[in-house]
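Below is one structure, written out as structure tokens, with a few remarks after it.
All of the numbers you see were taken from the coordinates with simple rules; none came from a lab. Given the structure is predicted, the values throughout are model-derived calculations rather than measurements. FYI the Cβ positions are ideal-geometry reconstructions off the backbone, even for glycines, and counts take in every protein chain you see.
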Amino acid sequence: MASIMDLCTRKIVGFHMDEWMTKELVIQALDQAYHLQRPRGEVLHHSDRGSRYASREY
């Protein structure tokens, strides 16, 4: 499971679950959060920089 948390509200704003933790899984979680929240302006995203989050596609 990959989840995206809004650190201001501490709410989970996007997540995706699968059997394996892949770069596609974390991309889908980020896409879901972005499309559901529709942020205005710039967005700052922190991750643990694991291999999936450090991929070129991410």
Log entry, pairs with first residue in the range 5-32 being within 13 Å of HIS45 (Cα to Cα), second being among the acidic types (Asp, Glu) and not in a helix (DSSP H, G or I), beta carbons closer than 7 Å, six or more apart or on different chains, reads VAL13/ASP6; ILE27/GLU57
ask   = Any residue at all in the range 16-28 that is of a type outside the set (D, E, K, R), on the phi < 0 side of the Ramachandran plot and exposed (fewer than 10 other Cβ atoms within 10 Å of the Cβ)?
value = yes
Check your understanding: Would you call LEU36 in contact (Cβ under 8 Å) with a residue 12 or more places away in the chain and surrounded by 15 or more Cβ atoms within 10 Å (Cβ to Cβ)?
Key -> no
Picking from VAL43, VAL26, the residue that is of a type in the set (Val, Ile, Thr) and more than 9 Å from the chain's Cα centre (by Cα) would be VAL43
